[in-house]
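Have a look at the structure below, then the notes.
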Amino acid sequence: MIQRSRKRVYVETYGCQMNISDGELMEGILEAQGYEISAGPEDADVILVNTCAIREHAERRVLGRVSQLSGLKRERPDLVIGVTGCMAQRMGETLLEKAPHVDLVMGPDGYRSLPERLAEIEEGRKILPSRSAKKRGPQLAVLDLQLGENYEGLDQRRSSRISAWVPVQRGCDHRCTFCIVPYVRGPEKNRMPGEVLREIEEIADSGITEVTLLGQTVNSYEADGQSFPDLLRSVARVPGIRRVRFTSPHPNDVTTDLLDVMAEETAVCEQLHLPLQAGSDRTLRRMLRRYTVEGFLEKVELARTVIPDIGLSTDVIVAFPGETHDEYEETLEVMRSVRFDDAYTYRYSPREGTPATRFPVADFVPDAEAKDRLERLIEVHRAIQAEINEAEVGRVEEVLVEKEARGPGQILGRSRRNKVVAFVASPELVGTYQEVRLTGTTGATFVGELVECAPALTGPT
């Protein structure tokens, strides 16, 4: 039997782009300390379940998965199971009580100390070798929020050779009444622009040509005298970077300066995610969103004036506590008026610790009604999206090929406006830029045909 000289770690990530980036960060930290990265949990010495706390369903799913993974401990008692991320921060030591097979609970600001904490668990097991059936050795909770932790000087282990996530901001200073993020990730912390550019230069040198700048309200970024438009322009001019995206901006910080940079810098994609959340002024006030419907629509008009061919996406929550039927109808009207290219739609999910959970019980929309509102919202959005996409059939788009598609012989790519296209071509084109004619749509995505394989469009420019 071959003896392994290095411990193996498996990181399983749930949730948003920031969580994906955090998973890559944890892998990078541990790899730098001698760990091997495992492709699956079966042969790992350490399993880290990297979690999201935005919605109750996500937490239930993670708890089920952690319980499932705990079965591996019966075969390998020395296995370490950790739960990291936003759910870990929210539940804290309660998670250790609910899941006694979990050895480590770590919030988003604890990752720098991950190797030391794992070593601490291992040393603790040597001191306390006997384990009861309920509690398998020492358990650790690392939950302090570090006001200065931006993970500067640490490199991520990139899971993609096509595109890279680059956090430029962590935490949030907004206190939307439905959102748990400020409580699990702390206040807004912005990275120094020089560090961001150094990282992106390294990404470009590795051959990756597309980057997405990440932040909870990314366009509120300000550090070392630079605003987000300043940073965006600098990133767009890094040699080798061909496409730049960013998410998630706050409507209040969508300015003429930002849109001018998007219009002027050829590397910045014609795509903007603009979270609406609700189409009623009263609901927006109760959400503490700090803008009105009229103000939001002015941002939409400004964006489409400066960048006429822009692709717009949004987030919408229905059945927020106190939302009346008429206010819900106002949201549908805004959806019909704006006609978003894409929308992420949700029914309100209470998160313990957020202000909205303390609203009067009578304000909460019954489950059946909330379900009906969400279904109708999805129906309205999908009809609009299908109409928009039908009108785009026949266009020729530059597509960055990301992976093989499910269809036989097909590959999958994404346009500058974030439209997904599947077309028949060789898998060898993954990672290249190709001109593709849109020949049809399924409603949400496109099918297309390769106009002409274009070597000049491959790799960094």
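Structural remarks
- Across region 140-229, Cα pairs under 8 Å and at least six residues apart give a relative contact order of 35 percent.
- This ranking places HIS381, HIS101, HIS174, HIS325 by how few other beta-carbon atoms lie within 10 Å of each, fewest first, which gives HIS325, HIS174, HIS101, HIS381.
- The length gained by stretching the chain between GLU375 and THR442 to full extension, at 0.36 nm per residue less their Cα-Cα distance, is 22.2 nm.
- Pair THR255, SER160: separation of 7 Å Cα→Cβ label points (nm): 2.9
- Once C-alpha pairs closer than 8 Å and six or more residues apart are averaged by separation and normalised to the residue number of the chain, the relative contact order reads 10 percent.
- Long pairs among LYS98/LYS189; LYS73/LYS403; LYS299/LYS371; LYS189/LYS299, criterion Cα-Cα beyond 28 Å: LYS98/LYS189; LYS73/LYS403; LYS299/LYS371
- Fully extending the segment from ARG74 to GLU428, taken as 0.36 nm per residue of separation minus the present Cα-Cα distance, adds 123.1 nm.
- In nm, spacing of pseudo-spin labels at GLU31 and THR292 (7 Å Cα→C-beta vector): 5.1
- Taking amide H as placed 1.01 Å from N in the peptide plane, PHE320 has its amide H under 5 Å from the amide H of TYR348, each at least 5 places away in sequence or on another chain.
- Take the Kirkwood radius over Cα pairs of the chain, plug it into Stokes-Einstein at 25 °C and 0.890 mPa s, and you get 103 µm²/s for translational diffusion.
- For region 256-263, 3J(HN,Hα) per residue [Karplus equation, 6.51 cos²θ - 1.76 cosθ + 1.60, θ = phi - 60°, Hz, x = Gly/Pro]: 4, 4, 5, 5, 5, 4, 4, 6
- Amide H contacts of MET106 (H built 1.01 Å from N, in plane; Pro and chain starts excluded): VAL83, THR84, GLY85, VAL142 sit under 5 Å, all sequence-distant by 5 or more or on other chains.
- Test item: Cα-centred dipole of the chain, Lys/Arg +1 and Asp/Glu -1 on Cβ, debye: 1620
- The LEU147 and GLU452 beta-carbon pair, evaluated with R₀ = 51 Å, returns a calculated FRET efficiency of approximately 0.45.
- Gain on full extension, evaluated as 0.36 nm per residue between GLU392 and ALA119 minus their Cα-Cα distance, stands at 92.7 nm.
- Region 21-95: proportion of alpha-carbon pairs further apart than 15 angstrom, %: 59
Here, each number is a calculation from the coordinates, and none is a lab measurement. Remember, it's a predicted structure, so these values are computed and weren't measured experimentally. Cβ: placed from backbone, ideal geometry, glycine included. Neighbour counts: every protein chain shown.
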